[in-house]
Amino acid sequence: MNMTFERKLAIPMEVKEMYPLTGDMGKIVEQRDREIKDILAGRDDRLLLVIGPCSADREDSVIAYISRLAALREKVEDRLFIIPRIYTNKPRTTGDGYKGMLHQPDPDEKPDMFKGIVAIRELHMRALRETGFSCADEMLYPENHKYLDDLLAYVAVGARSVEDQQHRLTASGVEAPVGMKNPTSGDLSVMLNAIAAAQHGHTFIYRGWEAHSEGNPYAHAILRGYVNKHGESMPNYHYEDLLLLCDLYAARDLKNPAVIIDTNHANSGKKYLEQPRIVREVMESRRANADIRRMVKGFMIESYLEDGAQKPGEHVFGKSITDPCLGWEKTERLVLELAELAAR
């Protein structure tokens with residue numbers, strides 16, 4: 001076999017025993033979990049705002065960013081429910097490049113998977129302990145979800161993973177709401193099939209066990225744009241796109257029909273400065289149509305302390321080393337504006 005087995009890693013239960021959640025922290029997670037589910041189910045009319053760096057790279061800068069979000073929360077919490085992005089796994093189209101803190105807890109050092117497991121758990125715990133935020137992460141590797149499942153407020157399944165059977169079945173056993181992105185091809189039926197699979201119970205193999213899931217009624221859609229046959233980015237957040245998704249949801253027997261709009265990736269053509277404009281357009285679509293208003297539950301925005309992106313090794317504090325992000329000043333203006341728009 002063309003593979004070297006370096007060492008056997010600690011199982012999730014062992015890591016949780018080494019880095020346990022306190023009772024108070026657990027209560028925060030449970031309360032936030034209830035609030036997010038109420039929003040997705042339409043029992044709470046606030047908007048969800050999943051916001052933060054494209055990928056978490058360093059604990060100090062991520063915590064500095066989330067601490068600013070915590071201060072901003074007090075100004076908008078009557079209209080917005082903020083879920084910071086702490087994305088500790090980074091999918092790479094070709095397999096090259098920085099793969100996230102799970103692989104490299106220090107981007108300047110070689111990969112170390114055990115240190116990565118500890119680093120991502122400690123980072124999520126620190127955010128919860130210091131700011132009261134349970135956060136979002138991407139389920140890039142389904143078998144790793146259990147290392148963080150007691151901490152997370154929100155789980156995303158990416159555009160390259162949404163067709164994968166193991167992601168769908170694992171999502172059906174996740175307690176937190178799971179957002180399913182449309183695939184890079186843009187085929188919405190793939191996304192809706194993933195939601196249907198996640199909302200039903202299954203029996204499957206997970207981490208060497210025969211596992212039984214109950215289904216996740218809060219699995220929902222994330223529109224992130226797509227790429228056409230010429231490799232060009234195509235958006236799917238426009239009014240007509242949202243009406244189409246409303247119709248597709250209506251044709252299926254799915255619980256809690258909801259969508260989060262990802263304002264970056266193919267929706268912006270990775271032009272990160274377009275994100276505020278996209279938010280404004282979607283909010284106008286919500287005002288124009290009651291069905292769209294009920295379905296659109298919030299936004300996913302890529303934001304960090306500094307505008308843009310840098311190459312690994314440049315060491316600009318709080319600047320993305322993967323996709324470019326909105327800097328803090330623009331982020332703060334956008335969050336305050338979104339709260340005003342949500343009040344209309």
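The values are calculated or read from the model by the stated rules, or taken from the named source; none is laboratory data. It should be emphasised that the depicted structure is a prediction, and the values quoted were computed from it without experimental measurement. Note: ideal-geometry Cβ built from the backbone for every residue, glycine included; neighbour counts use all protein chains shown.
Structure summary
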{"read-out": "Flag for SER320 being closer than 28 Å to ARG43 by Cα, touching a Phe, Trp or Tyr at 6+ places or on another chain (Cβ under 8 Å) and hydroxyl-bearing (Ser, Thr, Tyr)", "value": "no"}
{"read-out": "Candidates LEU243, LEU254 - the one that is farther than 22 Å from ILE51 by Cβ, at pLDDT 95 or above and crowded, with 18+ Cβ neighbours inside 10 Å", "value": "LEU254"}
{"read-out": "Subset of the range 39-54 that is charged (D, E, K, R) and touching a Phe, Trp or Tyr at 6+ places or on another chain (Cβ under 9 Å) - its residue that is nearest to GLY132 (Cα to Cα)", "value": "ARG46"}
{"read-out": "Where ALA176 falls short, out of the listed (1) outside any loop (DSSP other than H, G, I, E, B); (2) touching a Phe, Trp or Tyr at 6+ places or on another chain (Cβ under 7 Å)", "value": "(1)"}
{"read-out": "Residue within the range 121-134 that is free of Cβ contacts under 8 Å to residues at least 24 places away in the same chain, among the aliphatic types (A, V, I, L, M) and out of contact with any Leu (no Cβ under 9 Å at 6 or more places or on another chain) present", "value": "no"}
{"read-out": "Positions within the range 97-118 being in contact (Cβ under 8 Å) with a residue 60 or more places away in the chain and outside any helix (DSSP H, G or I), in sequence order", "value": "GLY97, TYR98, PRO107, ASP108"}
{"read-out": "Positions within the range 284-343 being in contact with a Gly (Cβ under 7 Å, 6 or more places away or on another chain), surrounded by fewer than 20 Cβ atoms within 10 Å (Cβ to Cβ) and closer than 24 Å to ALA221 by Cα, in sequence order", "value": "ARG294"}
{"read-out": "Evaluation of SER268 against (1) more than 14 Å from PRO324 (Cα to Cα); (2) of a type outside the set (Phe, Trp, Tyr); (3) touching a residue at least 40 places away in the same chain (Cβ under 8 Å) (one fails), failing number", "value": "(1)"}
{"read-out": "Where GLU281 falls short, out of the listed (1) out of contact with any Phe, Trp or Tyr (no Cβ under 8 Å at 6 or more places or on another chain); (2) part of a helix (DSSP H, G or I)", "value": "(1)"}
{"read-out": "Qualifying residue in the range 119-132 (condition: touching a Pro at 6+ places or on another chain (Cβ under 9 Å) and assigned to a loop (DSSP other than H, G, I, E, B))", "value": "no"}
